[in-house]
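Below is one structure, written out as structure tokens; comments come after it.
The values are calculated or read from the model by the stated rules, or taken from the named source; none is laboratory data. None of these values were measured; they are calculated from a predicted model. We place every Cβ from the backbone using ideal geometry, glycine too, and count neighbours over all the protein chains shown. Heads up: the accessible areas ignore ligands, DNA and RNA and are worked out on the full protein's heavy atoms, side chains in. Shrake-Rupley method; radii C 1.70, N 1.55, O 1.52, S 1.80 Å.
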Amino acid sequence: MKRIYGNNLLISNLCNMRKSGRTAHTVLFYGEKGTGKKLMTKFYTSLLMCSNPINNRPCGICSACKNVDRNIHPDVIYVETSGKLGGYSVDTAKKICSDAFIKPNNNSGCKVYIFRDCHNMDVRTQNTLLKIIEEPPDYAYFIFTSETKSDFLPTIISRCVCFGVSPCSEEEAEQALIDENFSPDDIKKAVSCFHGNIGLCTEYINNEDLRQQVDLTKMLADSIIRKDEYALDTALFTLGKDRNNVRTVLSMLDKLIRDSAVLTQDMQAENIGCFREGAVELSYMLTSKQAEKIHNCIERAWHTVECNVNITLAMSAMCAEIFETIL
């Protein structure tokens with residue numbers, strides 16, 4: 001199994017559940033993209049399935065551990081998504097509810113259903129799953145991953161054990177990237193943008209699209225710093241119609257605005273955004289109140305995009321709101 005960096009307390013809590021014999025039947029791992037939610041899911045699944053745990057951890061060498069690691073365990077079901085937004089349909093949820101009453105055929109006596117990236121899980125789907133996760137068969141386990149708990153209904157959350165998955169330290173991220181044999185220059189650039197988020201650091205090195213998104217975010221910040229509304233509007237237009245692209249860039253811009261607000265109070269504060277130099281410049285020109293207003297503009301813009309409003313119109317409206325705030 002791939003080594004997990006950071007989140008030592010979380011891993012300890014999962015192992016203690018196994019030790020006490022009180023493993024949770026419904027678990028939610030939440031945190032920003034790239035922090036290791038899927039890796040933690042695999043760890044917990046291995047913990048449930050392992051036939052020969054060592055110190056209450058998966059051994060990594062039994063057939064169950066190997067099959068979980070290779071995504072071929074017959075009683076570990078990765079629930080299929082559907083539709084343009086990659087959500088989970090009501091029909092799929094109904095099939096899972098029926099399948100959950102078919103007993104597993106393995107030494108652990110466990111059957112695990114994994115719902116990944118649940119930010120587009122429909123309310124109707126959640127309500128369909130509610131009964132089975134409220135009163136599951138003894139052998140059935142359900143694991144959800146998402147960026148935030150707010151993606152779920154309170155009734156679902158109340159029946160989950162929720163674990164936040166956090167970025168690790170920059171030193172741990174650097175070591176993880178060294179272990180993957182990336183070059184020192186690539187590691188330095190990646191960590192300067194995504195800090196302790198190993199997943200995004202790795203994606204930055206391997207994925208030209210993410211590097212372009214980082215460059216675009218820096219262009220947006222520069223346009224605000226120069227108070228060039230035309231340049232900001234033009235840069236936003238290049239986002240195109242891909243909602244995932246829009247979501248990523250707006251999220252990175254929002255983090256830059258957050259960093260600028262923090263730096264107005266403490267210039268030595270750690271950043272979470274991809275452009276510290278830009279955040280420093282923004283901190284000189286924006287008050288905390290202005291930073292808060294721009295954050296709200298970004299949130300409204302993304303909400304508008306999620307509601308299927310034309311992306312170009314949503315970005316133009318956001319641009320106008322931002323300049324109304326800073327001028």
Quiz item: What do you reckon, how do LYS131, LYS188, LYS37 stack up by accessible area (1.4 Å probe), largest on top?
Solution: LYS188, LYS131, LYS37
Quiz item: For SER166 and LYS241, FRET efficiency with R0 = 41 Å and r from the beta-carbon atoms, rounded to 0.05?
Solution: 0.80
Practice problem: Over all directions, average the projected area of the Cα convex hull of region 20-78 and note it in nm². | Solution: 4.7
Quiz item: By accessible area of protein heavy atoms, probe 1.4 Å, what ranking do LYS103, LYS218 get, highest first?
Solution: LYS103, LYS218
Quiz prompt | Longest to shortest principal axis, alpha-carbon extents of the chain, angstrom | solution = 65, 44, 33
Quiz prompt | Bins of 10 Å from zero: percent of alpha-carbon pairs in region 177-327 | solution = 11, 41, 34, 12, 1
Practice problem: Quick one: which residues, 5+ away or cross-chain, put their amide H under 5 Å from the amide H of GLY87? H built at 1.01 Å from N. | Solution: SER82
Self-check item: Charge tally in the Cβ shell below 12 Å around GLY109, where Lys, Arg are +1 and Asp, Glu are -1, GLY109 excluded
Solution: 0
Exercise. Note the count of lysine pairs whose C-alpha atoms are less than 27 angstrom apart in region 1-91, limited to pairs 8 or more residues apart or on different chains.
Key: 19
Quiz prompt | Average silhouette area of region 82-145, convex hull of alpha-carbon atoms, in square nanometres | solution = 4.4
Self-check item: Rounded accessible area of GLU180 (nearest 10 Å², 1.4 Å probe)
Solution: 90
Quiz item: What number comes out for the charge environment of HIS195, summing +1 per Lys or Arg and -1 per Asp or Glu over other residues with Cβ under 9 Å away?
Solution: -2
Quiz item: Given region 110-162 reduced to its alpha-carbon atoms as identical point scatterers, what log10 I(q)/I(0) does the Debye formula return at q = 0.18, 0.23 Å⁻¹?
Solution: -0.55, -0.92
Quiz prompt | Surrounding net charge for SER223, when Lys and Arg each add one and Asp and Glu each subtract one, Cβ distance under 9 Å | solution = -2
Quiz prompt | Cα centroid of region 103-172 to Cα centroid of region 55-85, whole Å | solution = 15
Exercise. Pull up all non-local amide H partners of TYR113: gap of 5 or more, or a different chain, and H-to-H distance under 5 Å with H placed in the peptide plane.
Key: ILE77, TYR141, PHE142, ILE143
